[in-house]
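As structure tokens, the structure follows; a few thoughts come after it.
The values are calculated or read from the model by the stated rules, or taken from the named source; none is laboratory data. Because the structure is predicted, anything quoted here is derived from the model rather than measured. Here the Cβ positions follow ideal geometry from the backbone for every residue, glycine too, while neighbour counts run over all protein chains shown. Note: areas computed on protein heavy atoms with side chains; ligands, DNA, RNA excluded. Shrake-Rupley method; radii C 1.70, N 1.55, O 1.52, S 1.80 Å.
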Amino acid sequence: MLTSQKTIAAAAPLAALAFEPALLSRMNQLGPRYTSYPTADRFSAEFDAEAYHQAVSERHAMGARHALSLYLHIPFCGTVCYYCACNKVVSKNLSKAALYLTYLKREISMQAALFDGMNQVEQLHFGGGTPTYLSDRQMSELMAHLQRHFQFAPDQLGEYSIEVDPRTVTPKRIVTLRRQGFNRLSLGVQDFDPAVQKAVNRIQAEEDTLRIIDAARFAGFRSVGIDLIYGLPKQSLASIGQTLDKVIAASPDRIAIYNYAHMPHLFKPQRRIAGSDLPTPAEKIDMLFLCIQRLTEAGYAHIGMDHFARLDDDLAIAQRQGRLHRNFQGYSTHAESDLVACGVSAISAVGASYSQNEKTLEAYYLRLDRQELPIARGIRLNLDDLLRRLIIQHLMCHFELSLASIEIAHPVRFAEYFAAELVQLRQLEADGLLTLDDEWISVTTKGRLLIRNICMVFDRYLDPRRTPLRYSRTI
Ligand code: SF4
């Protein structure tokens, strides 16, 4: 196995990324991924369905300026992948999905009534679990229900995406999904290496995945993405290199490479992964560098953290134009949209609020049986939260921040309001992760890999004396 230093030395374009081992281990701490700020562990039961109604009323009062984003959570999976940290229900009993859909449709109707008059939609995402656990017929009926309740922008304007597990679909099903209205899909691959697949209980023939990609192109999907994971058991630089070769040859529009976070104390399936099979933090850094090097050499833009996109893909274009955003699905091109999320455990972001649905099917069904929106908890953001959210989002998406732009948008003097944060940023500057002057915070190439650490400086809820075990390591 190569060390990080050796890998980088061999990768001239990435020489700027060299990390000293001491810095690496200091930075490899537990921290949020900032798909929201404040993070979901700050949500409280005090924010209930009534508070959500209030947040929607305020949006009505202000007038809708942007179309909505919709998220639908389909929690079912046929088998469990041992690395999984998602909220899912593993079952081969398909009748469970039928029951779930009756409740999901009820929730969709209730949300649509709330948003009546501002129910245009430009972005729809199906996630899970496994959205393709649903049959063709179930999916058609669900899409028809959505179309009865919301006004969808035409295909060429809207982004309608679905996460597809290649093990659950045929090329014919892909053509049907396109007909049902989806124009983007992402395929879970993780790693093509059979030993890795066996270690994570996700056996997925390479030919099947490639056949699904071909089918998506044939069917006219505008964007095809592939999801990989680094840091899995039995994974090595060599195995991940071979997977990258195959992925690059398949030429998807987007590639996400997630860092496997081993947290068996939180996620039961992960207890079936032997710690001794996992790569070390230094090996994981090597893997990440290899991914960045190979993908940028192959012509992909490094969008940030774990996302890559072809230069002509909407994400790369949005980043160049300063329109990139980050939400619960990762990076997005729809900056100011309210996100209305339906389904068990789904998280909505409406105005200055976040809200999360009940996490178990039983509680979700019970609330809907009572004719209530199944909101279990949430948070209303105060002015300080909004300011910090803006800063964190900007750093995550654009890797720089104009201090003047913050002072114009919010009544604060940056140097005074964030005096303590600036002291911490100076330390990160000394570590080579950013540069700081009176006008700008600019993240360096090296700092991009540790952007979570940089954002953590602005997180007022993080208690340095109490490292929360629910967060993953930043490397
Ligand atoms: S990783 Fe995806 S397919 Fe695998 S168990 Fe988790 S939600 Fe289901």
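Checking each residue in segment 179-207 for being more than 12 Å from the ligand (Cβ to nearest atom), open to solvent by less than 20 Å² (accessible area, probe 1.4 Å), hydrophobic (A, V, I, L, M, F, W, C) and part of a loop (DSSP other than H, G, I, E, B) picks out PHE182, PHE192.
Pairs linking a residue in segment 67-88 that is over 21 Å from TYR160 (Cα atoms) to a residue that is part of a strand (DSSP E or B), with Cβ atoms under 6 Å and 6 or more positions apart or on different chains, are CYS77/VAL90; VAL80/VAL90; LYS88/CYS77. Selection over segment 52-79 of residues that are among the hydrophobic types (A, V, I, L, M, F, W, C) and surrounded by fewer than 16 Cβ atoms within 10 Å (Cβ to Cβ) gives a count of 3. Inside segment 103-122, residues that are in contact with a Phe, Trp or Tyr (Cβ under 6 Å, 6 or more places away or on another chain) and not in a helix (DSSP H, G or I) make up a count of 2. Looking for something polar (S, T, N, Q), loosely packed, with under 15 Cβ neighbours inside 10 Å and out of contact with any Leu (no Cβ under 7 Å at 6 or more places or on another chain) - is there at least one such residue anywhere in segment 171-178? Looking through segment 171-178, none of the residues is polar (S, T, N, Q), loosely packed, with under 15 Cβ neighbours inside 10 Å and out of contact with any Leu (no Cβ under 7 Å at 6 or more places or on another chain). Here are some residues: VAL80, VAL56. Which one is within 16 Å of the ligand (Cβ to nearest atom) and either in contact with a strand residue (DSSP E or B) (Cβ under 6 Å, 6 or more places away or on another chain) or part of a helix (DSSP H, G or I) (or both)? Being within 16 Å of the ligand (Cβ to nearest atom) and either in contact with a strand residue (DSSP E or B) (Cβ under 6 Å, 6 or more places away or on another chain) or part of a helix (DSSP H, G or I) (or both) holds for just one of VAL80, VAL56, which is VAL80. When CYS86 is tested against (1) over 19 Å from ILE347 (Cβ atoms); (2) within 16 Å of the ligand (Cβ to nearest atom), just one condition goes unmet, and that condition is (1).
Can you say whether THR296 is among the β-branched types (Val, Ile, Thr) and open to solvent by 30 Å² or more (accessible area, probe 1.4 Å), as far as the supplied structure shows? Steps first, answer last, please.
Details: among the β-branched types (Val, Ile, Thr): yes; open to solvent by 30 Å² or more (accessible area, probe 1.4 Å): yes.
Spelling it out, THR296 is indeed among the β-branched types (Val, Ile, Thr) and open to solvent by 30 Å² or more (accessible area, probe 1.4 Å).
Would you be able to say whether some residue in segment 311-320 is assigned to a strand (DSSP E or B) and among the β-branched types (Val, Ile, Thr)? Step through it out loud before you land on a result.
Taking segment 311-320 as the starting set, the residues that turn out to be assigned to a strand (DSSP E or B) are none.
No, every residue in segment 311-320 fails to be assigned to a strand (DSSP E or B) and among the β-branched types (Val, Ile, Thr).
Checking the conditions here, which among ILE248, ILE255 is of a type in the set (A, V, I, L, M) and not in a helix (DSSP H, G or I)? Walk me through it before giving the result.
Working: ILE248 fails: not in a helix (DSSP H, G or I).
Among ILE248, ILE255, only ILE255 is of a type in the set (A, V, I, L, M) and not in a helix (DSSP H, G or I).
Only a single criterion out of (1) in a helix (DSSP H, G or I); (2) out of contact with any Lys or Arg (no Cβ under 6 Å at 6 or more places or on another chain); (3) surrounded by 15 or more Cβ atoms within 10 Å (Cβ to Cβ) is not satisfied by GLY241, namely (3). Checked against (1) more than 16 Å from the ligand (Cβ to nearest atom); (2) outside any loop (DSSP other than H, G, I, E, B); (3) of a type outside the set (A, V, I, L, M, F, W, C), GLY127 meets all criteria but (1). ARG367 meets the conditions (1) open to solvent by less than 10 Å² (accessible area, probe 1.4 Å); (2) at pLDDT 95 or above in every case but one. The failed one is (1). Consider segment 269-283 and keep the residues that are more than 17 Å from TYR82 (Cβ to Cβ) and touching a helix residue (DSSP H, G or I) at 6+ places or on another chain (Cβ under 9 Å). The one that is most open to solvent (accessible area, probe 1.4 Å) is PRO281.
The residue of segment 89-101 that is most open to solvent (accessible area, probe 1.4 Å), among those that are within 16 Å of the ligand (Cβ to nearest atom), hydrophobic (A, V, I, L, M, F, W, C) and more than 23 Å from the chain's Cα centre (by Cα), is LEU94.
Quick one: which of ASP253, ASP306, ASP286 is crowded, with 17+ Cβ neighbours inside 10 Å and over 26 Å from LEU185 (Cβ atoms)?
Working: ASP253 fails: over 26 Å from LEU185 (Cβ atoms); ASP306 fails: over 26 Å from LEU185 (Cβ atoms).
Only one candidate qualifies: ASP286.
With the condition kept exactly as written, say whether any residue in segment 139-156 is under 20 Å from GLN329 (Cα atoms), in a strand (DSSP E or B) and touching a strand residue (DSSP E or B) at 6+ places or on another chain (Cβ under 6 Å). Yes, because at least one residue in segment 139-156 is under 20 Å from GLN329 (Cα atoms), in a strand (DSSP E or B) and touching a strand residue (DSSP E or B) at 6+ places or on another chain (Cβ under 6 Å).
Only one entry in LEU146, LEU157, LEU104 is more than 16 Å from the ligand (Cβ to nearest atom), within 24 Å of ASN183 (Cα to Cα), in contact (Cβ under 8 Å) with a residue 12 or more places away in the chain and open to solvent by 10 Å² or more (accessible area, probe 1.4 Å), namely LEU157.
Considering only segment 290-309, I want to know if a residue exists there that is in contact with a strand residue (DSSP E or B) (Cβ under 9 Å, 6 or more places away or on another chain), under 30 Å from PRO194 (Cβ atoms), more than 16 Å from the ligand (Cβ to nearest atom) and among the polar types (S, T, N, Q). Yes, segment 290-309 has at least one match.
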